[in-house]
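Worksheet: the structure to be examined is printed underneath.
The values are calculated or read from the model by the stated rules, or taken from the named source; none is laboratory data. Note that the coordinates shown come from a computational prediction; the quantities given were computed from them, not determined experimentally. Counting neighbours? That spans all protein chains shown, and the Cβs are built from the backbone with ideal geometry, glycine included.
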Amino acid sequence: MLLKLRTLWLIFGMLSLVWSIRAQDPVFSQYYAAPLQLNPAFTGISEGGKVVLNYRNQWPRINQAYVTYAASFDQFFSYINSGFGLSVLSDNAGRGLYRTTDVSAYYSYRARFNQRFQMRLGIEAGYFQSRVDWDRLVFLDQLDPEYGAISPGGIPYPSEEVPPEQGTSISSLDISAGILFFNDKYYGGISLKHLNTPRLSFLDVNPEILAGLPMSISLHGGAELDVMSLGRGRRVFVAPGFQFINQGTQRQLNIGTIFRYDKVGTGVWYRHANTNPDALIFILEGRQEFFKVSYSYDFTLSSLSSSGGAHEISLIFNFDYGREESRYNDCFNLFR
């Protein structure tokens, strides 16, 4: 009986997560390895073009509760001082119970105040679709006090609930913007996502969701500080940084640093969510010519410590790898 009660609580919990998942955007622990998701002003920080692939599996012991994929391409065109980019993001909750797909186009413009101090302005126009697999939802009238939602014969109990008249998917336009200030050592920026607060509600039962996806405000900054030069363009540097996000009633702070020795790097970050410690993030990365791979693990500090944390992998293909880093006159090597 205790096992059945735990199963019922898990069902209720997953339903709650499904209906509130889009109240907060998917956030990568390696946010610097997903720069277009961080701020559209990062569009075109490589003149030869850059492809980024991201994968995140959060809470894998809870039946892969959240799995997120992202892919992007962007490039800078110096003769018009502009960068252009495209990205696709897919967020999968509850092994396909709730899916969101977002396709976005990006534009950025670079302005120089002097030889060292520069600014980038960026905009993003996206189109997303969210879909619920209605046949996999479990409703109260399906729950038997003894057997749960499945009969002893293995057949799900029927429900009188019917899908909403407007269907089980929602599509909407999504607009975002951002700005970056930087020189060869320091950067700081702000991005505003969901400026048009796109509608999310499948059912007109939650006024907070019906009001639209809350605007997300992200403040981020950091530095790239040289430790020593190894000659022949090889460097040792440390790159501390932070990211603060405020979206609706949710707040999150990431702070930490990456230490890179030539082509190998490692780092530790701390994430704080609302008023609670959330995770320690351990990162290992390696680079070979135009290719960089990074792996991170979120060691959960909250009450969800038995969830399995989160695994994240990012791949970056920077086709401008032959250019000397000093020619960029910026501190974005961590993002390339």
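Could you check segment 125-151 and list, in sequence order, the residues that are on the phi < 0 side of the Ramachandran plot, crowded, with 17+ Cβ neighbours inside 10 Å and either modelled with pLDDT of 80 or more or not in a loop (DSSP other than H, G, I, E, B) (or both)?
Those that are on the phi < 0 side of the Ramachandran plot, crowded, with 17+ Cβ neighbours inside 10 Å and either modelled with pLDDT of 80 or more or not in a loop (DSSP other than H, G, I, E, B) (or both): GLY126, PHE128, SER130, ARG131, VAL132, GLN142.
Consider ILE62 carefully, then state whether it is closer than 20 Å to ARG251 by Cα, at pLDDT below 95 and either not aromatic (Phe, Trp, Tyr) or not in a loop (DSSP other than H, G, I, E, B) (or both).
For ILE62, the condition - closer than 20 Å to ARG251 by Cα, at pLDDT below 95 and either not aromatic (Phe, Trp, Tyr) or not in a loop (DSSP other than H, G, I, E, B) (or both) - is not met.
Residue by residue, here is whether (1) of a type in the set (Asp, Glu); (2) buried (at least 16 other Cβ atoms within 10 Å of the Cβ); (3) in contact with a Ser or Thr (Cβ under 8 Å, 6 or more places away or on another chain) holds:
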| position | (1), (2), (3) |
| --- | --- |
| PHE244 | no, yes, yes |
| THR249 | no, no, no |
| TYR261 | no, no, no |
| GLY267 | no, yes, yes |
| TYR270 | no, no, no |
| ILE281 | no, yes, yes |
| LEU284 | no, no, yes |
| ASP298 | yes, yes, yes |
| SER303 | no, no, no |
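For segment 44-58: of the residues being in contact with a Pro (Cβ under 8 Å, 6 or more places away or on another chain) and farther than 14 Å from LYS292 by Cα, which is surrounded by the fewest Cβ atoms within 10 Å (Cβ to Cβ)?
So the residue we want is ARG56.
Has segment 98-107 got any residue that is at pLDDT 95 or above, in a strand (DSSP E or B), in contact with a His (Cβ under 9 Å, 6 or more places away or on another chain) and surrounded by fewer than 18 Cβ atoms within 10 Å (Cβ to Cβ)?
Within segment 98-107, not a single residue is at pLDDT 95 or above, in a strand (DSSP E or B), in contact with a His (Cβ under 9 Å, 6 or more places away or on another chain) and surrounded by fewer than 18 Cβ atoms within 10 Å (Cβ to Cβ).
Between GLY154, GLY122, GLY178, which is among the small types (Gly, Ala, Ser) and assigned to a loop (DSSP other than H, G, I, E, B)?
Criteria check complete, one pass: GLY154.
Which of the residues belonging to segment 279-308 are over 15 Å from ARG235 (Cα atoms), part of a loop (DSSP other than H, G, I, E, B) and modelled with pLDDT under 90?
Correct list: PHE290, SER302, SER303, LEU304, GLY308.
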